[in-house]
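Structure record follows, encoded as C-alpha cells.
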Amino acid sequence: MAKEIAAFVDENGIATLLPTACCLQVYRKQEGSWRKERSVEVALGETKGLGELRSRMTEIIEFLGSCDTVVAEAFQGAALHALEKANVGMWEITGRPEASFDRILAEEESLLHTNNEPIRMPIPVLENKGDGRTYISIVEVQRSGGGLTSKQVLMPLLHQGSFTELAVLCAHVPPWLEAEAASRQWRCTTRKTTEQQILVTITIADRIS
C-alpha cells in the first residue's frame, strides 16, 4: 500500500499550529512523488468548548482513514491527545510540509523493530549546570515521530520553574514557548547555533543575583 502523510497547513500552505483554523491535506507517494489526494477545512480554532473540539477531532481522525502520520508546526491540548489515542504519529516541522515528507518516511522506516512495532522516543534528560542553570535538548523529539512533542517535554519543567536559567536546544523554536515565557514574565532569547539548531534561553530575572 502506498504511504500517506497528512499535513495541517495555513492558507499559504505552511505548517501551522494545531488546534487552529487550518486545512488538513493528505498526500500519497506514487511513482516517486507526493501527490495531494484529499483535503478538508479544519475549524478547530472556532470551537466553543472541549466537547466540540473532541467531536471535531473524531471527524478528523475518520477523515485520515488509513493515514497514520501527520505533521504540523506544533500539537497542543485535546487535539494532541486525540491523535495520540488514535495511534497517529506526529511530527513537528516548519515551512512547507512536502519538503519533509521523504525524510519523515525514511525516519519512520528506520524506527521500526523487526516485528514492525514503532520504537518509543525516550524522554530527554534535563542537565543541571549549577547555580540554577539547566539545559535540555529537544532536537530529536522534534525530528522524530515517536508521539512525544516539545510541549509534553517542556511544560512540566516550566510549571515547576525550579531554575534560574533554562537553555533549550531546538531544531526549530516551538511556537508556543516564547508566548508561555512572556505570560510568566520571564526573559526569552534565541540564538542560532548551527544551520539546523537554535538555542532558546529562558531566564527568571528576579532569581539572578
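The values are calculated or read from the model by the stated rules, or taken from the named source; none is laboratory data. This one's a predicted model, so the numbers in the text were calculated from it and none came from an experiment. Every residue, glycine as well, gets a Cβ built from its backbone with ideal geometry; the counts of neighbours run over all protein chains shown.
List of remarks:
- Conditions (1) more than 13 Å from E4 (Cα to Cα); (2) within 14 Å of the chain's Cα centre (by Cα); (3) at pLDDT 80 or above; (4) surrounded by 13 or more Cβ atoms within 10 Å (Cβ to Cβ): number failed by R96: (2)
- Yes/no for L105 being within 25 Å of Q25 (Cα to Cα) and modelled with pLDDT under 85: no
- Scanning segment 6-49 for residues that are at positive phi and modelled with pLDDT of 90 or more yields a count of 1.
- Breaking point among (1) of a type in the set (K, R); (2) in contact with a Leu (Cβ under 8 Å, 6 or more places away or on another chain); (3) assigned to a helix (DSSP H, G or I), for K29: (3)
- Residue match in segment 190-206 (condition: surrounded by 13 or more Cβ atoms within 10 Å (Cβ to Cβ) and either assigned to a loop (DSSP other than H, G, I, E, B) or without any contact (Cβ under 8 Å) to a residue 12 or more places away in the chain (or both)): yes
- So M155, is it assigned to a strand (DSSP E or B) and either modelled with pLDDT of 85 or more or more than 19 Å from F8 (Cβ to Cβ) (or both): no
- Unmet criterion (only one of (1) surrounded by 15 or more Cβ atoms within 10 Å (Cβ to Cβ); (2) of a type outside the set (V, I, T); (3) free of Cβ contacts under 8 Å to residues at least 60 places away in the same chain; (4) not in a helix (DSSP H, G or I)) for R35: (1)
- If you go through segment 5-19 and keep only what is crowded, with 18+ Cβ neighbours inside 10 Å and over 14 Å from E98 (Cα atoms), you end up with L17, L18, P19.
- Output for segment 173-184, where each listed residue is in contact (Cβ under 8 Å) with a residue 24 or more places away in the chain, touching a strand residue (DSSP E or B) at 6+ places or on another chain (Cβ under 7 Å) and closer than 20 Å to L126 by Cβ: V173, P174, W176, L177
- Within segment 176-189, considering residues that are assigned to a loop (DSSP other than H, G, I, E, B) and surrounded by fewer than 16 Cβ atoms within 10 Å (Cβ to Cβ), the one farthest from the chain's Cα centre (by Cα): Q185
- If you go through segment 56-86 and pick out every residue that is modelled with pLDDT under 85 and either in a loop (DSSP other than H, G, I, E, B) or exposed (fewer than 15 other Cβ atoms within 10 Å of the Cβ) (or both), you end up with 4.
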